[in-house]
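Here's the structure we're looking at; comments come further down.
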Amino acid sequence: MRKLLILCLIVAVLCISAAAYEAPVDFTGITLEEAVADLMEYYQLSENNFSMSYYNTVTGESYDFNENKFSIAASTYKLPLNMCFYEMEQAGKIDPNETFRWTGMSLSEVHRQSILFSNNEVSEAMIGYWNNYYIYKENMRKYSTMPLEDIDESFYLTNTSCTRLMIDTLKYLYANSDRFEELIGYMKDAMPGQYFQAGVQEYEVAHKYGEINEFVNDVAIFYTPQPFLLAVYTQGIHGTGVCAQAARLMTNYTVWKGGNAAVTVPEEAVPVGGEEVLLPEKTPVEETPIEETPIEETPIEETPVEETPVEETPVEETPEEETPVEETPVEETPVEETPAEEEPVEEAPSEEETQQEEEPSEETEEDQRRREQEERKLRKQRKKKVTWTIVGIGSVLMLVAIPIIMRRRLY
């Protein structure tokens, strides 16, 4: 009896674990938006508890969800904070070997404690360097292109941020990696196997995690064949699991996309040098040739003059062709050659036939897309039914087995 109960518990645990989320590996026929929507549906994520920003440093591809929502940053604030001090050291404003105030340790050791061990006391001492919280926040904001009018008031009052600010900070960090080698090294070694690193072990991940109460966040550089940046903020959910699965999903997508598409590296994908990371000045240059395009459209207006006679000619021929078709069945109904021979006479309006043939081909492509979407919906519905069925069976087995075991222990 005891063995049977243990077996029931094992089956119940396996049933529940079988319903776990699995990030797709092959994205054929699946868009990134659809894949993220599946992740959000599984973990019941929404604009109230989830934000994410993604950036591919090679292709320049980006994805954002709820990126402007300000939330508790937890220890992710320590990334731009340490970056600012590293730059002050490089500018000769601070000596990294001197004892940093209130800490009793050198600034070099303060960096190690703040990033590798996420030490709160030394990090707060770094904030106190400016003796003004607003000035400190302004120094953190300089790593982003986010306009001042989009910054929430809470940013200057407490420890809040958003994934848009953090993804810009990661862009600056990655583009100037040679200036932050020590910092990136600490980020790679921090909290191994947890947060983002819990979902991705085969590639190096330089991350700065943060967790306080119900808020769980992580921001990182992923050193995949096409390195990418990721920032995830969560609230009131299973944040560590969401961070791990989001990292797994975006890693699978980036690796698949890099291996299944011809990559053309844009000049502005990975800007190099301080302000260029934040202000892509080359973007307005692309708008100038767009203004010249109307010059090419002027001769296009003359083309309809040629098309009008082409459309009229088949209109006149169609009644002439239809008259012999009606006579043939009256005079020679048994003769099968008349429809067979007269049908090719319709070759004259070849342009119309080609247009008519092209139209259904476009319709079939749309139909195929609709069918694929319907099939995906059906598959999702089936998976949901199977998942909840398995969870239900496992739960019932656990409810039955646990009381029996407890009774046996009592007696």
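The values are calculated or read from the model by the stated rules, or taken from the named source; none is laboratory data. Here the structure is a predicted model, which means the values were calculated and not measured. Using ideal geometry, Cβ is built from the backbone for each residue, glycine included, and neighbour counts are taken over all protein chains shown. Just so you know, the surface numbers come from the protein's heavy atoms only, side chains and all, with ligands and any DNA or RNA stripped out. Shrake-Rupley method; radii C 1.70, N 1.55, O 1.52, S 1.80 Å.
In square nanometres, what is the average projected area of the Cα convex hull of the stretch 76-135? Spell out each step's value before the answer.
Numbers: hull surface 15.4 nm².
That works out to 3.9 nm², a quarter of the Cα hull's surface.
Sorting the segments 223-231, 54-62, 247-255, 118-126 by their residues' average number of neighbouring beta-carbon atoms within 10 angstrom, most packed first, yields 247-255, 223-231, 54-62, 118-126. For TRP256, the accessible surface of its heavy atoms amounts to roughly 60 Å² (probe 1.4 Å, protein chains only, rounded to the nearest 10). If R0 equals 41 Å, the separation of the Cβ atoms of THR145 and ALA20 corresponds to a calculated FRET efficiency of about 0.60. For SER62 and GLU89, the difference between the fully extended length at 0.36 nm per residue and the C-alpha to C-alpha distance is 6.5 nm.
Going by accessible surface with a 1.4 Å probe and the largest first, ILE135, ILE184 read ILE135, ILE184.
From most to least packed by mean Cβ count within 10 Å, the peptides 201-208, 104-111 give 201-208, 104-111. Counted by Cβ distance under 14 Å from ILE94, the other residues give a net charge of -3, where Lys and Arg count +1 and Asp and Glu count -1. Each other residue within a Cβ distance under 13 Å of MET105 adds +1 if Lys or Arg and -1 if Asp or Glu, for a net charge of -1. Think of the stretch 87-156 as having a plus end and a minus end, set by charges on the Cβ of Lys, Arg, Asp and Glu; of TYR134, VAL122, GLY92, GLY92 sits farthest toward the positive end of this dipole. From the cross-link list LYS93/LYS171; LYS78/LYS208; LYS93/LYS208; LYS188/LYS257; LYS142/LYS188, which pairs have alpha carbons spaced over 18 Å apart? With Cα atoms farther than 18 Å apart: LYS93/LYS171; LYS93/LYS208; LYS188/LYS257; LYS142/LYS188.
Using a probe radius of 1.4 angstrom, the carbon and sulfur fraction of the accessible surface of the stretch 145-235 is 46%.
What accessible area per residue, rounded to a whole number of Å², is obtained for the stretch 70-211 using a probe radius of 1.4 Å? Could you put the intermediate results ahead of the total?
Working: 6100 Å² over 142 residues.
I get 43 Å² per residue for this part.
Which percent of the accessible area of the stretch 44-85 is formed by carbon and sulfur heavy atoms (probe 1.4 angstrom)?
Values: 500 of 1260 Å².
C and S fraction of accessible area: 40 percent.
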